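**Q** I have a structure I would like to understand better, so I am pasting it below and will then ask my questions one at a time.
The values are calculated or read from the model by the stated rules, or taken from the named source; none is laboratory data. Values in this document were obtained by computation on a predicted structure and should not be read as measured data. Positions of Cβ are backbone-derived with ideal geometry, glycine not excepted, and every protein chain shown enters the neighbour counts. Areas reflect the complete protein model, heavy atoms only, side chains present, ligands, DNA and RNA absent. Shrake-Rupley method; radii C 1.70, N 1.55, O 1.52, S 1.80 Å.
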Amino acid sequence: MAVISTLAIWIGDNDGSVVIEWFSWKIITTPGFFLLALIFSIFAIYLILASLIMVIRFPYQIRSKIQKNRIIKSQMALQDGLLSSTYGNKEQVNKSLTYANKYLKEDSLLLLLKLQSSILNKNEKDTFLILSKMLSKKTTKPLAIKGLINYAQNKGDIELFKNMLNKALSE
């Protein structure tokens, strides 16, 4: 505030003129008006640039919000599907899996929902493949080993049973 008042007093005490000549144009004004016009011009340019940046970034912000909302809805569908699998609602599990599969990456809970869906749909081939995928993830590995042991017992596959039992005992 002191700088502004000092500058105003200095400009008031020192009369003069500002002359701008350019391409046969001549502008003559007072220093006070010139500074005021300069500050106003800088402020106007700032506002125009800020508005332009906001307009340019607007579609990206909208896309980002849509993606975030889809991921949130997919996570909710994943939760609904897992809960539905506990009481055997095959239709809701499949519906939730379809929606969650669109927007979520392969994570442990999505694999678990896929496993529950394949079990409810009695698709043994998919169940085996999903259990095999689950072996590669640390969080689902114990569940996969247990599932593969049960699978081997039901199929009478002694070699798979021994491999899974050894894997379970080694960890």
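**Q** Considering segment 1-18 alone, what residues qualify as being open to solvent by less than 100 Å² (accessible area, probe 1.4 Å) and either assigned to a helix (DSSP H, G or I) or touching a Phe, Trp or Tyr at 6+ places or on another chain (Cβ under 7 Å) (or both)?
**A** ALA2, SER5, THR6, LEU7, ALA8, ILE11, GLY12, VAL18
**Q** Turning to a different aspect of this structure: Taking the conditions exactly as written (crowded, with 16+ Cβ neighbours inside 10 Å and closer than 30 Å to ALA144 by Cβ), does SER118 satisfy them or not?
**A** yes
**Q** Pairs under 7 Å by beta carbon, first residue of a type in the set (D, E, K, R) in segment 86-114, partner in a helix (DSSP H, G or I), six or more apart or different chains?
**A** LYS90/LEU120; LYS102/SER74; LYS114/LEU97; LYS114/ILE130
**Q** Identify all residues within segment 19-61 that are open to solvent by 70 Å² or more (accessible area, probe 1.4 Å), of a type outside the set (A, V, I, L, M, F, W, C) and more than 16 Å from the chain's Cα centre (by Cα); write none if there are none.
**A** GLU21, SER24, LYS26, THR30, TYR46, ARG57
**Q** I'd like the full set of residues that are over 19 Å from ILE130 (Cα atoms), among the β-branched types (Val, Ile, Thr) and open to solvent by 80 Å² or more (accessible area, probe 1.4 Å), limited to segment 67-109.
**A** If the condition is that a residue be over 19 Å from ILE130 (Cα atoms), among the β-branched types (Val, Ile, Thr) and open to solvent by 80 Å² or more (accessible area, probe 1.4 Å), then ILE72 is the only one that fits.
**Q** Since SER64 meets every condition but one in (1) of a type in the set (S, T, N, Q); (2) open to solvent by 70 Å² or more (accessible area, probe 1.4 Å); (3) closer than 30 Å to LEU104 by Cβ, which condition does it not meet?
**A** (2)
**Q** How many of the residues making up segment 126-147 are of a type in the set (Ser, Thr, Tyr) and either part of a helix (DSSP H, G or I) or open to solvent by less than 20 Å² (accessible area, probe 1.4 Å) (or both)?
**A** Looking only at that region, the number is 3.
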